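What follows is a short report on a single structure.
The values are calculated or read from the model by the stated rules, or taken from the named source; none is laboratory data. Since this is a predicted model, take the numbers as computed values, not measurements. In this analysis, Cβ positions are derived from the backbone assuming ideal geometry, glycine residues included, and neighbour counts consider all displayed protein chains. These accessible areas exclude ligands, DNA and RNA; they are computed on the full protein's heavy atoms, side chains included. Shrake-Rupley method; radii C 1.70, N 1.55, O 1.52, S 1.80 Å.
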Amino acid sequence: MTVDRVGGRGRVAEVDHVAVRPSWRCRVCGQPWPCDPAKAQLIAAYDRIGLCMYVAERSVEAAHDLPGLAPAVAYVRFLAWARTARTRSATTMTTKREGE
């Protein structure tokens, strides 16, 4: 099984739901990547900025591999979910603000 080690700000996580290139389907479940388990694993590994940077880089790679992928579809698939993800750092910051 292929496992990517990813993470930001001192965190390292193993993501086993990785993309198979050039199809950009999940190696484990066969769904379009990022599948729901991959999203959950990536959210656990990154803060919001790191997550957005990581998936933005993957979207550029996917654009090369999938030239027929419409930009709007690529945005929803790779970026939109990450912008609204509740990462650990976002949850911590919200909790701190509420407790001040």
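One table, with the values for the structure above:
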read-out	value
Residue in the stretch 25-32 that is modelled with pLDDT of 90 or more, open to solvent by 70 Å² or more (accessible area, probe 1.4 Å), out of contact with any helix residue (DSSP H, G or I) (no Cβ under 9 Å at 6 or more places or on another chain) and assigned to a helix (DSSP H, G or I) present	no
Flag for Ala72 being free of Cβ contacts under 8 Å to residues at least 40 places away in the same chain and open to solvent by 60 Å² or more (accessible area, probe 1.4 Å)	yes
Subset of the stretch 36-46 (residues that are crowded, with 19+ Cβ neighbours inside 10 Å and not polar (S, T, N, Q))	Ala38, Leu42, Ile43, Ala45, Tyr46
